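Engineer: Got a structure for you, written out below as structure tokens; questions coming shortly.
The values are calculated or read from the model by the stated rules, or taken from the named source; none is laboratory data. Please read all numbers here as calculations on a predicted model, not as lab measurements. Note that we place each Cβ from the backbone using ideal geometry, even for glycine, and neighbour counts take in every protein chain shown.
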């Protein structure tokens, strides 16, 4: 009987989607309890249960198509009572299809959560935490405000300048020297304003932009700013410096906080190290004149995930994604910056 087939279809759909919901709940629990990246991967294999991570929505789509068919007669004969009743029935069927359709949001949310957990564990990132070398921790708001005041690159927005995300970690070079590092994402907002015929200013739109970078603490080099852009630095980097290498001068702009000290610092070997660091990247590299800190900031998204897995519809694909993904920009920056600091 057709009614039995419909009932069976609903039963199969509900059963399949219940499996997905159970898997989602289990993934949330695994992400919260895994103490390291390998433990997270081990929790995904063996799964010992159905591995589906895709909702069954074929029936909902079919219902939607049927509802659409019932809507059509009213466009042909709008005054016909049967067409009007068909229209109402079509709306009911489409509403039923809409409420029956399972959105992918729960799956995407748990995958995003596991990605963030994996990033933190795989790259030893402590999100929203200050570096360990700070003996007296600041309030987080004051801490971020203090760092922004140290470098003039955090004033690019006319409306807003915020560090929206940060994470502390420790990088070790090949000589086992540890460097306290803090990654960050900087978001700034500019507005475009125009004057009307009466001379009054009106905001046309806001432009939102993001930059990413790192602070590195306990650095000996001080009082230098290097940039791949043509912008001019001001206090405390008031003194421009030029290399004898024409190509480097075209590629990089140098500014120092003390004219004599900058001349001593900029040896040919040091300039070549700077050129190598900026060989494949854009941005600004600043060494504070007094605090032993450097700040690199640029357009390369340090938190962007690169993965070989494009579609995740089961636990096996999810495990493969979490096992093989990389933060390529972060790895490249870490390699080049540690090489520069040697």
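Engineer: Considering only region 130-166, state which residues are touching a helix residue (DSSP H, G or I) at 6+ places or on another chain (Cβ under 9 Å), touching a residue at least 12 places away in the same chain (Cβ under 8 Å) and part of a loop (DSSP other than H, G, I, E, B).
Structural biologist: Once the filter is applied, which keeps residues that are touching a helix residue (DSSP H, G or I) at 6+ places or on another chain (Cβ under 9 Å), touching a residue at least 12 places away in the same chain (Cβ under 8 Å) and part of a loop (DSSP other than H, G, I, E, B), region 130-166 yields only 130.
Engineer: Restricted to region 111-129, and to residues that are assigned to a loop (DSSP other than H, G, I, E, B) and in contact (Cβ under 8 Å) with a residue 40 or more places away in the chain, which residue is farthest from the chain's Cα centre (by Cα)? Break it down into steps so the answer makes sense when it comes.
Structural biologist: Within region 111-129, the subset assigned to a loop (DSSP other than H, G, I, E, B) is 123-125, 128-129.
Narrowing the set further to residues that are in contact (Cβ under 8 Å) with a residue 40 or more places away in the chain leaves 123-125.
Working: 123: 15, 124: 16, 125: 14 Å.
Going through the qualifying residues, I end up with 124.
Engineer: Mind checking which residues of region 74-110 are more than 30 Å from residue 51 (Cβ to Cβ) and either part of a loop (DSSP other than H, G, I, E, B) or in contact (Cβ under 8 Å) with a residue 60 or more places away in the chain (or both)?
Structural biologist: So in region 74-110, the residues more than 30 Å from residue 51 (Cβ to Cβ) come out as 74-95.
Within region 74-110, 77, 78, 79, 80 qualify.
Engineer: Let me ask something else. Can you tell which of 90, 67, 43 is within 30 Å of residue 122 (Cα to Cα) and surrounded by 16 or more Cβ atoms within 10 Å (Cβ to Cβ)?
Structural biologist: Going through 90, 67, 43 in turn, the sole match is 43.
Engineer: For region 257-281, which positions are in contact (Cβ under 8 Å) with a residue 60 or more places away in the chain and touching a helix residue (DSSP H, G or I) at 6+ places or on another chain (Cβ under 6 Å)?
Structural biologist: Here is the first cut: in region 257-281, the ones in contact (Cβ under 8 Å) with a residue 60 or more places away in the chain are 273-274, 276-277.
Those that are in contact (Cβ under 8 Å) with a residue 60 or more places away in the chain and touching a helix residue (DSSP H, G or I) at 6+ places or on another chain (Cβ under 6 Å): 273, 277.
Engineer: For residue 105, state whether it is surrounded by fewer than 17 Cβ atoms within 10 Å (Cβ to Cβ), over 15 Å from residue 34 (Cα atoms), more than 16 Å from the chain's Cα centre (by Cα) and modelled with pLDDT of 90 or more. Quick ask: steps written out before the conclusion?
Structural biologist: Details: surrounded by fewer than 17 Cβ atoms within 10 Å (Cβ to Cβ): yes; over 15 Å from residue 34 (Cα atoms): yes; more than 16 Å from the chain's Cα centre (by Cα): yes; modelled with pLDDT of 90 or more: yes.
So residue 105 fits the description; yes.
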